[in-house]
1. What tally of residues in the range 99-119 results from selecting those that are assigned to a helix (DSSP H, G or I), farther than 15 Å from Pro87 by Cα, touching a Lys or Arg at 6+ places or on another chain (Cβ under 9 Å) and of a type in the set (A, V, I, L, M, F, W, C)?
2. Of all the residues that make up the range 9-43, how many are within 21 Å of Gln85 (Cβ to Cβ) and either free of Cβ contacts under 8 Å to residues at least 60 places away in the same chain or charged (D, E, K, R) (or both)?
3. Where residues in the range 139-164 are among the acidic types (Asp, Glu) and under 23 Å from Lys47 (Cα atoms), which of them is farthest from the chain's Cα centre (by Cα)?
4. Quickly run through the range 120-130 and pick out the residues that are of a type in the set (A, V, I, L, M, F, W, C), outside any helix (DSSP H, G or I) and more than 18 Å from the chain's Cα centre (by Cα).
5. Condition test on Arg76, is it surrounded by fewer than 18 Cβ atoms within 10 Å (Cβ to Cβ) and in contact (Cβ under 8 Å) with a residue 60 or more places away in the chain?
6. Looking at the range 45-59, is at least one residue in a helix (DSSP H, G or I), out of contact with any Leu (no Cβ under 8 Å at 6 or more places or on another chain) and within 30 Å of Ser131 (Cα to Cα)?
7. As an exercise: evaluate Ile174 against (1) more than 14 Å from Leu40 (Cβ to Cβ); (2) more than 19 Å from the chain's Cα centre (by Cα) and give the number of the one condition it does not meet.
8. Given the residues Leu157, Leu135, which is the only one that is of a type outside the set (Gly, Ala, Ser), at pLDDT 95 or above and over 30 Å from Lys225 (Cβ atoms)?
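The values are calculated or read from the model by the stated rules, or taken from the named source; none is laboratory data. As the structure is a computational prediction, the values presented were derived from the model and not from experiment. Neighbour counts are summed over all protein chains in view; Cβ atoms, including those assigned to glycine, are modelled from backbone coordinates with ideal geometry.
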Amino acid sequence: MAEARVLPVAAAGIVLSRRGRRLLDVPEFEISGTGLTVVLGPNGAGKSLLLRVLAGLIEPDGGRVTWAGRPPDRARARRLGFVFQRPVLLRRSAVANIVYALKVTGMDPALRRARADAVLRDARLEGLASSAARLLSGGEQQRLALARALALAPEVLFLDEPTTSLDPASTKAIEDMLKTAALAGTRIVLVTHDTAQARRLADEVVFLHLGRVLERGEARNFFRKSAAPEARAYLEGAILA
């Protein structure tokens with residue numbers, strides 16, 4: 001029996017407010033197909049909130065989210081991976097973090113270690129398999145968090161500013177992992193405010209400002225001549241109020 005799907009991940013009429021301020025106002029939004037979508041915009045634009053709403057981590061004040069046409073549910077939650085800006089790791093070794101995640105899914109015990117070793121190699125962490133996860137460097141921890149998410153073979157993977165404050169080598173390693181995963185068929189949605197990173201990775205760009213989606217389209221068109229004045233100003237380095 002085929003495993004239940006989550007794509008398309010869709011939102012309709014999403015409204016989210018805090019202390020009288022509207023933080024999200026998104027009439028419609030959908031993630032489907034293949035490739036890597038970058039959600040771009042200044043700090044405070046609502047990028048991270050949109051990702052959390054789509055992932056079922058935050059309940060909006062209005063509107064609804066569906067996964068493959070149905071409301072989000074725990075049974076399908078592992079089909080939608082999420083990597084946070086600050087990695088959340090267990091107090092155990094690097095390899096044990098991945099093996100435990102695979103155990104929760106019910107994977108055959110005979111297959112767990114081989115799968116964990118494979119994703120550690122992809123993350124260039126094989127030499128640190130037995131090291132305590134929480135004693136790894138910031139870049140190594142984030143690569144481990146990404147490897148753990150990919151080990152579960154998610155249908156779609158959301159990432160919230162995963163390379164913020166990381167050194168260039170760790171940033172490149174994570175970007176390489178994302179490119180490989182996207183080519184292998186995992187639908188990637190990456191939040192960033194880094195226009196250089198967006199240029200390197202994006203197949204598609206979604207531009208948010210003040211909680212609204214102002215533009216969405218192919219990356220090459222967006223960076224060549226964006227339609228929204230706010231997007232053009234942002235790409236030119238202006239500070240958006």
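1. 5
2. So the answer is 1.
3. Glu155
4. Selection gives Leu125, Ala129.
5. yes
6. Within the range 45-59 (the criterion being in a helix (DSSP H, G or I), out of contact with any Leu (no Cβ under 8 Å at 6 or more places or on another chain) and within 30 Å of Ser131 (Cα to Cα)), the answer is no, since none of the residues qualifies.
7. Status for Ile174: all satisfied but (2).
8. Sole residue among the options that is of a type outside the set (Gly, Ala, Ser), at pLDDT 95 or above and over 30 Å from Lys225 (Cβ atoms): Leu135.
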